[in-house]
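The numbers here are math on the coordinates, done by the rules we state, and not lab data. This one's a predicted model, so the numbers in the text were calculated from it and none came from an experiment. Virtual Cβ from ideal backbone geometry, glycine too; neighbours counted across all protein chains shown.
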Amino acid sequence: MCLRLALIREHDLRFDETLSLYGWYEDWDFSGQLASFGSIVHISNACGVHLSTKIGRVTGVRMGYAQVANPIYLARKGTFPWSHVLKFIVGPCLKNLVRSLAPEAHVDRLGRFCGNLTAFRHLLAGTLSPKQIVDL
């Protein structure tokens, strides 16, 4: 992401600290906040490198919870499109379920799926919140 600092300072924009631990989709949220003040552009010939790691950020259960809780929270907040919520939740949940039968060595698929189920349980109970990730 490339951002204009002057705009961020002018409107006192911040990353949402409700997205605890590993802020899954925090980039969508911040872009959504910025979109209120101008255009978000995509440059197709730009090249970037994402130096991610498969281990060490959060447990599988916490990651799985965030995969469900964060898109719903951000859609309710208005910074993530509702049209994306189902796709961004169902795909990872199904991948976690299927790959938990023969998981990759570096991904806790069963833990992620358990986190997915916990988030759905909280959704049905009306208690779903990204902040609950710290209690898992």
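Using the number of other C-beta atoms within 10 angstrom as an exposure proxy, rank Ser100, Ser129, Ser36 with the fewest first.
Values: Ser100 17, Ser129 14, Ser36 10.
In order of increasing Cβ crowding within 10 Å: Ser36, Ser129, Ser100.
Could you tell me how many degrees, from 0 to 90 and to the nearest 10, lie between the Cα long axis of helix 82-99 and the main elongation axis, the longest principal axis, of the Cα atoms of the chain?
Roughly 30 degrees between the two axes.
Compute the label zone of Asp12 within the stretch 27-44: residues whose backbone N is under 20 Å from the point 7 Å along Cα-to-Cβ.
Answer for the stretch 27-44: 30-38.
At 222 nm, what helix-only mean residue ellipticity would the chain give, in deg cm²/dmol to the nearest 500, using -39500 (n - 2.57) for each DSSP H run of four or more?
Details: 5 runs with 69 residues, N = 136.
Taken over the chain, the calculation gives -16500 deg cm²/dmol.
For the chain, what relative contact order do you get, as a whole percent, if you take Cα pairs closer than 8 Å and at least 6 residues apart? Each step should come with its number before you reach the end.
Numbers: 138 pairs, mean separation 43.0, N = 136.
About 32 percent, as a whole number.
Out of these labelled values of Cα extents along the principal axes in Å, (1) 62, 36, 24; (2) 47, 36, 27; (3) 55, 37, 27, which was calculated from the coordinates shown here?
Computed from the coordinates, Cα extents along the principal axes in Å corresponds to (2).
What does the net charge come to around His84 if you take all other residues with beta carbon closer than 14 Å to its beta carbon, with K and R at +1 and D and E at -1? Mind dumping the intermediate values first?
Details: positive: Arg76, Lys77, Lys87; negative: Asp27, Asp29.
Value of the local net charge: +1.
At 0.36 nm per residue, and after removing the present C-alpha to C-alpha distance, how many nm does the segment from Ser31 to Arg57 gain when stretched out fully? Could you put the intermediate results ahead of the total?
On the way: separation 26, 0.36 × 26 = 9.36 nm, distance 2.26 nm.
Contour length minus the Cα-Cα distance gives 7.1 nm.
Rank these for me by crowding, Trp28, Trp82, going from fewest to most other beta carbons within 10 Å. Could you put the intermediate results ahead of the total?
Working: Trp28 18, Trp82 12.
Least crowded to most crowded, the residues run Trp82, Trp28.
Could I have the simple spin-label model distance between Phe120 and His106, label points 7 Å from Cα toward Cβ, reported in nm to one decimal?
Spacing of the two 7 Å Cα→Cβ label points: 2.8 nm.
For the residue pair Lys77 and Leu5, what label-to-label distance in nm results when each label sits 7 Å from Cα along the Cα-to-beta-carbon direction?
It is 2.3 nm.
Using θ = phi - 60° and the Karplus curve 6.51 cos²θ - 1.76 cosθ + 1.60, what whole-Hz ³J(HN,Hα) does each residue of the stretch 123-136 get, with Gly and Pro shown as x?
4, 5, 7, x, 10, 5, 7, x, 5, 5, 4, 5, 8, 7
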